Amino acid sequence: MKTTCRGLRVFIFALSLMLCPAAVSAQALTLEDSIAVALQNSHVLNIAKEGVKGAEAQKKEALTGFLPKFSTTYSYTRLNEDPNFYFPGFAGPPVIQGGPMTTGTINNYNWGIEARQPLFAGGGILANYQAFKIAEDTALVEQTAKSLDVVQDVKIAYFNILRTQRLMETARQQVDMLAAHCDVAENFYRVGLIPKNDMLHAEVELANGRQTLVKAKNGVESTKARLNTILKREVWTPLEVVDILDYQPLRQSFEECLAVARQRRPELKMSELRVEQAGKMVRAAQSEFFPAVNLVGNYGRFGDTASLSGTQYKDTESWQVMAVASWNFWEWGKTKYRVDAGKARENQALDQSRELNDQIALEIKNAFLALQEAESQIAVSKKVIEQAEENFRIAEARYKERVARSTEVLDAQTLLTRAKAEYANALADYNIAHARLQRAMGVVR
């Protein structure tokens with residue numbers, strides 16, 4: 001029931017996106033809605049789906065190897081003369097005079113239909129079908145892997161938007177504080193409490209802060225364009241997202257994450273299927289060591305006209321049923337070499353599967369370490385923000401009491417802005433690292 005409701009919600013959202021994109025763009029997108037739209041519109045996922053369709057068609061094609069084959073032919077043959085031979089005659093009694101005797105017609109029309117049912121093929125037909133069945137399973141698993149890739153891309157783009165928005169807000173706060181400080185510095189300069197150099201220094205820092213704000217705004221637009229691209233929308237489409245940039249501690253250990261990856265990671269399943277498929281291809285090649293046995297039935301009609309009504313020399317129709325065994329018993333080692341090549345590919349697939357296990361373990365480890373690093377940075381950044389805010393408060397109060405210079409306030413303000421930016425980056429890095437860890441584990445959430 002939950003799956004049905006979620007699917008209905010995604011369908012309604014996607015339909016509203018197509019019918020009224022402007023209205024939807026004005027509404028803040030959640031991460032779940034972004035993922036749903038990306039999965040629906042992804043070209044990469046569509047390619048994977050077409051791969052599944054192709055693999056399914058190949059499996060059905062291989063299935064026809066078990067079924068009888070029917071073929072038909074229609075031919076016309078004209079001879080240079082009527083078929084005949086010379087009869088020497090018989091001395092009798094009774095006496096029969098010799099001479100040429102006609103045995104056929106100059107015009108010959110033939111139509112035939114043949115049915116051929118395989119009875120034994122050394123296991124090759126079955127092995128070939130099993131190999132394509134495994135290929136279909138592999139394509140389905142690959143589709144799952146591509147879905148996980150799309151989900152990861154959406155998450156990274158989404159959290160990067162939230163990162164740049166936090167940085168833009170920090171830059172805006174910096175400009176507001178610098179503007180307020182400039183007003184104080186200008187008032188102090190007018191009454192002769194500070195030199196002009198201090199006022200000019202504050203104005204330069206304000207100009208730099210405004211430039212930083214412009215860059216931050218461009219960063220937001222760039223990350224939104226990236227998410228629009230993933231959602232397969234025009235890059236300039238207005239986009240707002242729900243701010244979910246927070247810290248949720250990971251409850252799993254590295255060993256637990258690795259265990260989940262070994263169970264859920266689609267690439268591991270794909271590698272196992274490829275090993276199994278290579279083994280079936282070896283079995284298909286080995287089938288050529290055995291003879292092939294087929295049941296063959298033929299039905300034909302003959303005539304000297306296109307109506308196939310027979311002649312005085314030959315019946316109109318005929319049929320026959322045969323059991324046919326064929327065996328290529330000597331081809332200079334061709335089958336052996338084919339089997340050897342198949343075994344080599346099977347060994348390659350097995351080694352690739354083992355190598356992939358090691359790579360995934362390393363990928364999990366790196367993602368886990370990145371998550372821990374971002375987690376520790378969050379705690380440090382929160383503490384630094386508290387200290388920087390207190391430092392700025394003290395510096396500003398000292399400046400207003402004219403016991404501190406303007407540079408102390410500007411330095412304190414810079415430290416506070418940097419601390420807030422580092423905290424925003426740490427939060428984004430943590431959530432992105434979590435998304436990469438989930439992809440490495442083969443899970444969506």
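Quick one: would you say LYS365 is among the basic types (Lys, Arg) and free of Cβ contacts under 8 Å to residues at least 24 places away in the same chain? Criteria not met by LYS365.
Of the strands (runs of 3 or more DSSP E) that lie entirely inside region 59-160, those containing 2 or more residues that are farther than 30 Å from ARG283 by Cα and touching a residue at least 24 places away in the same chain (Cβ under 8 Å) span 69-78, 107-120.
Out of ASN357, ASN425, ASN347, one residue alone is assigned by TED's automatic domain parsing to the domain that holds SER253 and either in contact with a strand residue (DSSP E or B) (Cβ under 6 Å, 6 or more places away or on another chain) or under 23 Å from LEU148 (Cα atoms) (or both). It is ASN357.
Answer yes or no as to whether ILE113 is touching a Phe, Trp or Tyr at 6+ places or on another chain (Cβ under 6 Å) and closer than 19 Å to GLN320 by Cβ. Answer is yes for this residue. Looking across region 214-238, just one residue is hydrophobic (A, V, I, L, M, F, W, C), surrounded by fewer than 16 Cβ atoms within 10 Å (Cβ to Cβ) and in a helix (DSSP H, G or I), and that is VAL214. Selection of region 189-210 for residues being free of Cβ contacts under 8 Å to residues at least 24 places away in the same chain and part of a helix (DSSP H, G or I) yields TYR189, ARG190, LYS196, ASN197, LEU200, GLU203, VAL204, ALA207, ASN208. Here is the figure for region 414-445: residues that are surrounded by 23 or more Cβ atoms within 10 Å (Cβ to Cβ) and closer than 30 Å to VAL191 by Cα total 1. Could you check, for region 285-302, whether at least one of its residues is in a helix (DSSP H, G or I) and under 22 Å from the mean Cα position of the chain (by Cα)? The answer is no, given that none of the residues of region 285-302 is in a helix (DSSP H, G or I) and under 22 Å from the mean Cα position of the chain (by Cα).
Okay, residues lined up against (1) modelled with pLDDT of 90 or more; (2) part of a helix (DSSP H, G or I); (3) loosely packed, with under 13 Cβ neighbours inside 10 Å; (4) in contact with a Cys (Cβ under 9 Å, 6 or more places away or on another chain):
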{"position": "GLU272", "(1), (2), (3), (4)": "yes, yes, no, no"}
{"position": "ARG283", "(1), (2), (3), (4)": "yes, yes, no, no"}
{"position": "SER307", "(1), (2), (3), (4)": "no, no, yes, no"}
{"position": "TRP319", "(1), (2), (3), (4)": "yes, no, yes, no"}
{"position": "GLU331", "(1), (2), (3), (4)": "no, no, yes, no"}
{"position": "GLY342", "(1), (2), (3), (4)": "yes, yes, no, no"}
{"position": "ARG345", "(1), (2), (3), (4)": "yes, yes, no, no"}
{"position": "ILE364", "(1), (2), (3), (4)": "yes, yes, no, yes"}
{"position": "SER376", "(1), (2), (3), (4)": "yes, yes, yes, no"}
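The values are calculated or read from the model by the stated rules, or taken from the named source; none is laboratory data. Worth saying up front: this structure is predicted, and the values here are computed from it rather than measured. Neighbour counts run over all protein chains shown; Cβ positions are idealised from the backbone, glycine included.
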